[in-house]
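Working notes, structure below.
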Amino acid sequence: MKKREQVKRKDNIIYFPGLEKRLTDKGLESLEKKKFHEAIPLLEEARELDPDNENIIIGLVLAYFEAGAFKKAKVLANEMLLKGIGDYFQMVDLYLTVLIQLHEYREIVTTIEALFDEKEIPPEKHDHFLTILQFSRRMAEGRQQQDKEQEQEDSEVSALNLLEIDDINEQMMIVANLADKNIRPYLDEITNYLKFEAGHPFIKTLVLNLLKEQEIDRELIVEKFAIEKKVIPIKLPEVREQPKMLAVKALLAEHLESNNPGLYENALSIVERTFLISYPFELEPNSAEAWAAAFDVLVQEYLGMNAEISKIARNYGAEPVEIENARVQIETIEKNSYPNI
């Protein structure tokens with residue numbers, strides 16, 4: 001009699017027998033079809049169920065690599081080497097390829113030098129690894145020189161003087177010029193600007209976006225509209241991907257896009273402006289329906305239409321009090337916070 005497969009459990013969730021094989025087969029099939037982003041979650045789930053399966057792990061490393069998730073690929077490839085999974089030198093080659101994509105040439109040099117020291121490299125692979133070693137040494141030396149030059153440049157940086165400049169357009173130019181520079185030498189000054197009440201909300205949004213792009217992971221305080229918030233730039237959502245803003249846009253599309261395209265386009269413009277200025281704050285009320293209704297009311301009024309608040313509130317399923325609260329905040333931002341550019 002055939003032995004029944006053992007039912008697997010994790011966090012009180014029961015997994016049916018053979019699920020890991022189905023996930024693996026589907027993940028590897030997606031990998032072969034070059035659907036890397038589709039393959040990754042399938043193989044990740046399969047690995048949770050079968051963590052030592054060589055095919056799953058190798059497939060996942062390749063999927064990470066092809067999808068551009070090089071840091072994840074590096075961690076997993078290194079784990080494979082330490083555990084002795086797969087053909088050792090094929091795994092070394094894969095690991096080195098990932099390191100090259102990450103420009104981690106010093107790590108490549110260390111890894112290959114260790115192989116030569118241990119005299120474990122097969123004769124037919126000697127020239128291959130020597131070529132990579134020589135290339136990586138040159139790149140590492142070049143990087144070291146660049147780092148020294150950058151340090152010297154950083155030590156000579158002049159102050160931005162954002163708080164001393166009243167002209168918003170001039171402040172924008174200063175921030176725009178930082179896009180192609182290392183922002184870290186200016187962090188102390190930028191930190192002061194973000195928490196200073198007189199700093200312009202729009203410029204603060206530009207600065208935060210720049211800090212996010214340069215992957216700044218320092219905790220900073222941002223002050224806008226007499227409210228303070230602690231943020232870590234790298235963990236912030238994209239300015240144009242704020243969850244509440246997307247929810248509000250979806251509601252406006254549902255209620256206005258077909259019925260009144262002109263009203264809809266005008267509303268979208270104000271929505272984007274409001275959330276751009278208020279970023280990264282979650283403004284009250286929490287209700288996306290109230291905010292969508294408030295934008296609808298305001299745009300109708302701006303266009304000289306008779307906005308029936310009670311009717312709009314019913315359409316969106318929002319409370320009139322919350323709509324009025326949101327409306328006051330939108331008007332405040334519109335009047336006082338958007339620069340004249």
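The values are calculated or read from the model by the stated rules, or taken from the named source; none is laboratory data. Predicted model only: the values in this text are computed from it and were never measured. No Cβ is skipped: glycine too gets one built from the backbone with ideal geometry, and neighbour counts run over all protein chains shown. Heads up: the accessible areas ignore ligands, DNA and RNA and are worked out on the full protein's heavy atoms, side chains in. Shrake-Rupley method; radii C 1.70, N 1.55, O 1.52, S 1.80 Å.
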Accessible area of R240 in the full protein assembly, 1.4 Å probe (Å², nearest 10): 150
Gaussian network model of the chain, springs between alpha carbon atoms under 10 Å - residue of I190, I121, I216 with greatest fluctuation: I121
For the range 278-325 versus the range 98-143, the gap between their alpha-carbon centres in whole angstrom: 61
Solvent-accessible surface ranking, highest first, for K119, K212 at 1.4 angstrom: K119, K212
Amide N of the range 203-224 lying under 12 Å from the label point, which is placed 7 angstrom from the Cα of M172 along Cα→Cβ: 203, 206
Å² of accessible area per residue within the chain, as computed with a 1.4 Å probe and no ligands counted: 59
The range 150-250: C-alpha gyration tensor shape, a/c 1.5 cut-off, then a/b vs b/c: prolate
Karplus-derived 3J(HN,Hα), 6.51/-1.76/1.60, for each residue of the range 190-198, Hz, glycine and proline x: 5, 4, 5, 5, 5, 9, 8, 4, 6
Cα-based helix-to-principal-axis angle, 288-302 vs the chain, degrees rounded to 10: 50
Using alpha-carbon coordinates, inclination of helix 19-32 to the longest axis of the chain, degrees: 90
Rg(Cα) / (2.2 N^0.38 Å) computed for the chain, rounded to two decimals: 1.37
F89 - accessible surface, heavy atoms, 1.4 Å probe, Å² rounded to 10: 30
Relative counts (whole %) of C-alpha pair distances in the range 190-318, using bins that are 5 Å wide: 2, 10, 20, 20, 15, 12, 10, 7, 3, 1
Within straight-line cross-link reach of K195, aspartates and glutamates at Cα separation under 14 Å, skipping those fewer than 8 residues along the same chain: E219, E223, E228
Span from the the range 44-64 Cα centroid across to the the range 168-241 one, whole angstrom: 39
List K34, K83, ordered by accessible area with a 1.4 Å probe, largest first: K34, K83
D166, D87, D117, ranked by accessible area, largest first (probe 1.4 Å): D166, D117, D87
J(HN,Hα) series, the range 248-254, from Karplus relation 6.51 cos²θ - 1.76 cosθ + 1.60, nearest Hz, glycine and proline x: 5, 4, 5, 5, 5, 4, 4
Unit charges at the beta carbon, dipole of the chain: most positive-side option, L206, T97, V328: T97
Lysines with Cα under 23 Å of K125, excluding same-chain neighbours fewer than 8 positions away: K74, K83
